[in-house]
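**Q** Sending over a structure as structure tokens; questions will come in a sec.
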Protein chains: 2
Amino acid sequence: MIVDCHGHYTTAPQALWDWRKKQVSRKNISSQELRISDDEIRDSLEKAQLKLQRERGSDVTFFSPRAGSMEHHVGDAAISLAWSRVCNDLIFRVCRLYPKNFAPVCQLPQSPGVSPENCAQELDRCVREMGFIGCNLNPDPSGGYWKEPPLTDKWWYPVYEKMVELDIPAMVHVSSSCNPAFHFTGAHYINADTTAFMQLIQGDLFKDFPTLKFVIPHGGGAVPYHWGRYRGLAQDMKKPLLKDHLLKNVYFDTCVYHQPGIDLLLKVIPVDNILFASEMVGAVRGIDPETGCYFDDTKRYIDNSKLSPAEKQKIFEGNARRVYSRWKPA
Amino acid sequence: MIVDCHGHYTTAPQALWDWRKKQVSRKNISSQELRISDDEIRDSLEKAQLKLQRERGSDVTFFSPRAGSMEHHVGDAAISLAWSRVCNDLIFRVCRLYPKNFAPVCQLPQSPGVSPENCAQELDRCVREMGFIGCNLNPDPSGGYWKEPPLTDKWWYPVYEKMVELDIPAMVHVSSSCNPAFHFTGAHYINADTTAFMQLIQGDLFKDFPTLKFVIPHGGGAVPYHWGRYRGLAQDMKKPLLKDHLLKNVYFDTCVYHQPGIDLLLKVIPVDNILFASEMVGAVRGIDPETGCYFDDTKRYIDNSKLSPAEKQKIFEGNARRVYSRWKPA
């Protein structure tokens, strides 16, 4: 079985984005005003994610709202909550329509400067009432200005307590960038992955939360490429070896869009810490002229790697079962 | 000949840092109040950079003031100018004492929100009067808050005009981070490299400045690891192939502290765009327990790579001569 742990509903029907526009311009819009039929949902997926699953040979995608549209920086916490509920409810409908193809991962109602305690209730609702199996946690709800404390700060503990209670992992994933310095998928996403991992090196978060689990997307940002730097920095800081300090709790996905990058990832990061993912339909949509294949068809890179079948099985399925422990195939 | 294009005077005598402390606390300190003897300079280098050059077999280092201490965010433009002059003058003295071992690269008197036009005079002084061969350009003088426009914005053109006039390259290098989210050498440095490259993809800077040259340090941040993503993003944006769009003007150094990272760099980036560097004595100071060698002894990784002798010669010397065209070995 091929499990893709990182997909966003980037192709959601236009009515969703129209609703969002209205919400941002007038605050009292109701979720009842959003009307999307099951057929519209089917149509948005059949020609995109489902088609690509069939063509590329993946079976199920852990599916969350469009990351760039979480926009925690827009409006206040109430706006963020209403928007998160609407998006999560839509993901729930997707997964009810296609229970074999999608498993639900939720957006959190974060808001800049607001304690993440405000996320506990929506997270609880998603997991207990609707069967969600994970969440996306934004380390920078300001959208490119990085005003929140590091992920190791007690500021974040309320959401970690709820995650541990529910036994779900978080993918550490920022949203769009309001900062003109940072292109969102080319700089902000990758920087956030690198930044989060370095924050975890500096702290001792997993002493306080030994069962907390994070997935760092986009192949861990710059981390595997600079694995020597990170091992060396940890050593200079008198931290334990990274395998003991972080790798019981931190995982990397395979959203790296060329063979040499995937080969590096597989070489330096233990196979038990890697989860297959493609982020399709996502950041890069074209065909690589050097290979004739889609850049984000990451399954090919794993298939082409020198891993044993048992190792590939871990990356494609086994690790996902372990990390997303609430997930049970339909 | 082995040319290390990236070294900072991290071991400068304590008197320099004491002077800086005084400067920051009272603005009218004179450069005359800084007293460092030639022997103190020799002592600061003999047991550090020079010892490592001998042990590791490099011949010359392109040497600039400590990057983390540029601190463009501290004080105003006048403070930044006085501090830059003091630091650059000290680098000049180092290179006069050891003309075979060091070639000078300068710090610029940038200041947040101040037009980089203010850098032209100090850059001119360093290059024309003191024989400097390059400069470090900070894309984020705010120190981790990224308030300056992207490097492709006309805001930066005055300093590019001066660079082109003088025919010197800039290493795109941030300073310390005031933002608690960003560890300085583990996140801010690497993020800045990635960010700068993505800014260059988005723009068309080298149409306006066909002879401008940038070195992206730390192996290009996350860029080579995500080379497929960057090729794909450029393609989605209808930009030319990266080799035509950027690689006539942009170079990467080899400050990547493990063999698999260097192997990836050498595999995906054309050999003509890679310059040897170690950043010693720098970000990571320890010995890698997996190899028994210093993490930042990057020459070993190049030596151990599968490149031909001619290719290695380009990385160790030939490319540096081309990019730092004002440099002539003593």
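The values are calculated or read from the model by the stated rules, or taken from the named source; none is laboratory data. None of the values given here were measured: they were computed from a predicted structure. Neighbour counts run over all protein chains shown; Cβ positions are idealised from the backbone, glycine included. Ligands, DNA and RNA are excluded from the accessible area calculation, which covers all protein heavy atoms including side chains. Shrake-Rupley method; radii C 1.70, N 1.55, O 1.52, S 1.80 Å.
**Q** Can you tell me which residues in the stretch B:214-264 are touching a helix residue (DSSP H, G or I) at 6+ places or on another chain (Cβ under 8 Å), of a type in the set (G, A, S) and over 27 Å from B:D296 (Cβ atoms)?
**A** Passing the criteria: B:G228, B:A234.
**Q** Test A:L264 against the stated conditions and say whether it is within 22 Å of A:F214 (Cβ to Cβ) and in a loop (DSSP other than H, G, I, E, B). It would help to see each step written out before you state the result.
**A** Values: within 22 Å of A:F214 (Cβ to Cβ): yes; in a loop (DSSP other than H, G, I, E, B): no.
When the stated conditions are applied, A:L264 does not pass them.
**Q** Take A:D153 and tell me if it is within 14 Å of chain B (Cβ to nearest Cβ), over 30 Å from A:Y98 (Cα atoms), of a type in the set (D, E, K, R) and crowded, with 24+ Cβ neighbours inside 10 Å.
**A** The answer is no for A:D153.
**Q** Output the number of residues of the stretch B:91-131 satisfying the condition of being assigned to a helix (DSSP H, G or I) and either open to solvent by 10 Å² or more (accessible area, probe 1.4 Å) or over 20 Å from B:V281 (Cα atoms) (or both).
**A** Qualifying residue count for the region: 20.
**Q** Okay, next question. Among the residues that make up the stretch A:161-179, is at least one of them under 24 Å from A:V284 (Cβ atoms), free of Cβ contacts under 8 Å to residues at least 40 places away in the same chain and either surrounded by 18 or more Cβ atoms within 10 Å (Cβ to Cβ) or touching a Ser or Thr at 6+ places or on another chain (Cβ under 7 Å) (or both)?
**A** Yes: one or more hits.
**Q** On to the next question. A:S25 fails exactly one of the following numbered conditions: (1) farther than 24 Å from A:K328 by Cα; (2) modelled with pLDDT of 95 or more; (3) surrounded by fewer than 19 Cβ atoms within 10 Å (Cβ to Cβ). What is the number of that condition?
**A** (2)
**Q** For the stretch B:40-58, what are the residues that are open to solvent by 20 Å² or more (accessible area, probe 1.4 Å), touching a residue at least 60 places away in the same chain (Cβ under 8 Å) and either outside any helix (DSSP H, G or I) or among the small types (G, A, S) (or both)?
**A** Within the stretch B:40-58, just B:G57 meets the criteria.
**Q** Considering only residues that are part of a helix (DSSP H, G or I) and acidic (D, E), look in the stretch A:164-223 and name the one that is nearest to the other protein chains (Cβ to nearest Cβ).
**A** Among them, the one singled out is A:D193.
**Q** What are the residues in the stretch A:282-295 that are within 17 Å of the chain's Cα centre (by Cα) and facing another protein chain (nearest Cβ under 8 Å), if any?
**A** The first filter runs over the stretch A:282-295 and keeps only residues within 17 Å of the chain's Cα centre (by Cα), leaving A:282-284.
Once the filter is applied, which keeps residues that are within 17 Å of the chain's Cα centre (by Cα) and facing another protein chain (nearest Cβ under 8 Å), the stretch A:282-295 yields A:A283, A:V284.
**Q** Kindly indicate the residue of the stretch B:270-319 that is acidic (D, E) and assigned to a loop (DSSP other than H, G, I, E, B) and also nearest to B:H8 (Cα to Cα) among those meeting that condition.
**A** The selected residue is B:E279.
**Q** Would the stretch A:132-149 turn up any residue that is part of a helix (DSSP H, G or I) and open to solvent by 10 Å² or more (accessible area, probe 1.4 Å)? Reasoning before the result, please.
**A** Step one: of the stretch A:132-149, the residues part of a helix (DSSP H, G or I) are none.
Within the stretch A:132-149, none of the residues are part of a helix (DSSP H, G or I) and open to solvent by 10 Å² or more (accessible area, probe 1.4 Å).
**Q** Can you name every residue in the stretch B:265-280 that is open to solvent by 10 Å² or more (accessible area, probe 1.4 Å) and either within 12 Å of chain A (Cβ to nearest Cβ) or small (G, A, S) (or both)?
**A** Matches in the stretch B:265-280: B:L266, B:K267, B:V268.
**Q** With respect to A:S325, determine if the residue is touching a helix residue (DSSP H, G or I) at 6+ places or on another chain (Cβ under 6 Å), part of a loop (DSSP other than H, G, I, E, B) and of a type outside the set (A, V, I, L, M, F, W, C).
**A** Criteria not met by A:S325.
**Q** Within the stretch A:301-320, count every residue that is closer than 18 Å to A:Y257 by Cβ, open to solvent by 60 Å² or more (accessible area, probe 1.4 Å) and in contact (Cβ under 8 Å) with a residue 12 or more places away in the chain.
**A** So the answer is 1.
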